[in-house]
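Okay, so here's the structure we're looking at.
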Protein chains: 2
Amino acid sequence: MKEIQSSKNTLIKETKKLQQKKYRQQTQTYLLEGFHLIQEAKAANVALKEVFINQRGLNEWSEWIEENLSDYYLVSDEVLKVLASQPTPQGIIAVAEMPQEVSSDFSGAWLLLDNVQDPGNVGTMIRTADAAGFSGVILGQGSADLYNPKTLRSTQGSLYHLSVQNGELSALIPQFQQAGSPVLGTALDKEAKEYLAVEKMTDFALVMGNEGQGMSSELLAMTDQNLYITIKGQAESLNVAIAAGVLMFHLLK
Amino acid sequence: MKEIQSSKNTLIKETKKLQQKKYRQQTQTYLLEGFHLIQEAKAANVALKEVFINQRGLNEWSEWIEENLSDYYLVSDEVLKVLASQPTPQGIIAVAEMPQEVSSDFSGAWLLLDNVQDPGNVGTMIRTADAAGFSGVILGQGSADLYNPKTLRSTQGSLYHLSVQNGELSALIPQFQQAGSPVLGTALDKEAKEYLAVEKMTDFALVMGNEGQGMSSELLAMTDQNLYITIKGQAESLNVAIAAGVLMFHLLK
């Protein structure tokens, strides 16, 4: 255990750069805030490069820290604040390594995100996909970064429970189809089908689109079937994470 | 049309106070930001006391403004920024009056919120209740304020499409029951029933609980039936707004 009091410390200044996506990609590492996410990461054997804990965190979680961390930095509240994305950080922040291998087994149910931009939506959809029993989530181009602090927080740790990867959806959709998994899009057009009329399935991909524009027309044309949810009231649309939840729980057998 | 350039103007200083719940309650008015929400309010005959528009908003929406507003203030970007909850406000902010009468007809499907604290969750659930064809939403004690800017934004205007009211849930649950509407709670206990085993209904109340603690034990004991959603993966729970969406779309006939 070493101590760092000043936020001007070189390691802290370097670590702070991970708040930017560019540096996360360069180093293939990201910041993980709070005990819950860090416990989930540890349980999933994610490598933690550095761990920064303040005195309060140390008091509160001493047993877990002793059992799980071979080394860590005891830092001042000021240092923790500089690294944190939230005004009142929990007592711990870690630098975690991104996985270098991704699954190429596309069996089971998969959620594909086409340009879903809000980190809270993306994180919540990963959490919901986990709860619904999906095998994985693919973040297509334009979607929020998995390692954005708000995305991570909204996943509530579910990113460690199923396969979550970045991918080019126009290249992946044919792979699902070749493997025998139908690809279901979401749309409000005349050829779409009410989701309740679709039988439950075990192997398929469900594509959700952008918050404002929905799915791109290019991808809509590639799917096997497009679905819609009947809106009964006067709302113009559903929040994309809610629509994904309703569909995922309905579709997976 | 009058002009206000300075954020030190008395009316602006008074209006800014509506960012605090205390002043909203005192005056029974609230701030409404952006053209979409203000159009929805107008369409629902909500009284707008004052409307503040900047030059950009005026250029963009001149036709709608001319047709719909008898009077407004042309304000500087600085003034709009002072009144807005977001760093880059849209070109219009209005002071709207709260409704003074609430529905006491509890027929149809109702969503009851027990201490749901996040404004985004509360707003999203109002939007989803609208889309699912619910008749109303009751915000029980401890729930986020309907007139918080984030709640309003998340409703996407649905607060004007169905009855949304504050209420004491322990007093209202017996009213639903006396009117013949079963009250369904949400819980993860042994006596709860998997939601898929429940037949679709037309008249009922569904109670959703706090993000961390769920429903209070007092209310859980008052319901006719408590429901749960089977979690298939390793997620500990669902986001409350997602769970509400899955249940609302399943339960309402």
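The values are calculated or read from the model by the stated rules, or taken from the named source; none is laboratory data. All values derive from a computational prediction rather than experimental measurement. Cβ sites come from the backbone with ideal geometry, for glycine too, and all protein chains shown count toward neighbours. Accessible surface areas use protein heavy atoms only, side chains included; no ligands, DNA or RNA. Shrake-Rupley method; radii C 1.70, N 1.55, O 1.52, S 1.80 Å.
For B:Thr202, the criteria (1) open to solvent by 60 Å² or more (accessible area, probe 1.4 Å); (2) within 11 Å of another protein chain (Cβ to nearest Cβ); (3) under 24 Å from the mean Cα position of the chain (by Cα) hold in every case but one, which is (2).
Results for (1) free of Cβ contacts under 8 Å to residues at least 24 places away in the same chain; (2) more than 28 Å from A:Lys200 (Cβ to Cβ), shown as yes or no for each residue.
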{"site": "B:Val198", "(1), (2)": "no, no"}
{"site": "B:Met208", "(1), (2)": "no, no"}
{"site": "B:Glu211", "(1), (2)": "no, yes"}
{"site": "B:Ser217", "(1), (2)": "yes, yes"}
{"site": "B:Tyr228", "(1), (2)": "no, no"}
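For the criterion of being outside any helix (DSSP H, G or I), within 13 Å of chain A (Cβ to nearest Cβ) and at pLDDT 95 or above, B:Leu111 passes.
Conditions tested, residue by residue: (1) open to solvent by 10 Å² or more (accessible area, probe 1.4 Å); (2) of a type in the set (A, V, I, L, M); (3) in contact with a helix residue (DSSP H, G or I) (Cβ under 9 Å, 6 or more places away or on another chain).
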residue: A:Arg153; (1), (2), (3): yes, no, yes
residue: A:Gly157; (1), (2), (3): no, no, yes
residue: A:Val164; (1), (2), (3): yes, yes, yes
residue: A:Ala179; (1), (2), (3): yes, yes, no
residue: A:Leu188; (1), (2), (3): yes, yes, no
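Within the range A:223-253, the only residue that satisfies the criterion of being more than 8 Å from every other protein chain (Cβ to nearest Cβ), aliphatic (A, V, I, L, M) and surrounded by fewer than 22 Cβ atoms within 10 Å (Cβ to Cβ) is A:Leu251. Contact map, the range B:147-162: residues that are over 20 Å from B:Ala109 (Cα atoms) and at the interface with chain A (Cβ under 8 Å from one of its Cβ atoms) paired with residues that are among the aliphatic types (A, V, I, L, M) and part of a loop (DSSP other than H, G, I, E, B), Cβ distance under 8 Å, separation 6+ or inter-chain. Pairs shown: B:Gln156/A:Ala235. Within the range B:78-99, one or more residues are closer than 18 Å to B:Ser158 by Cα, open to solvent by 40 Å² or more (accessible area, probe 1.4 Å) and not in a strand (DSSP E or B).
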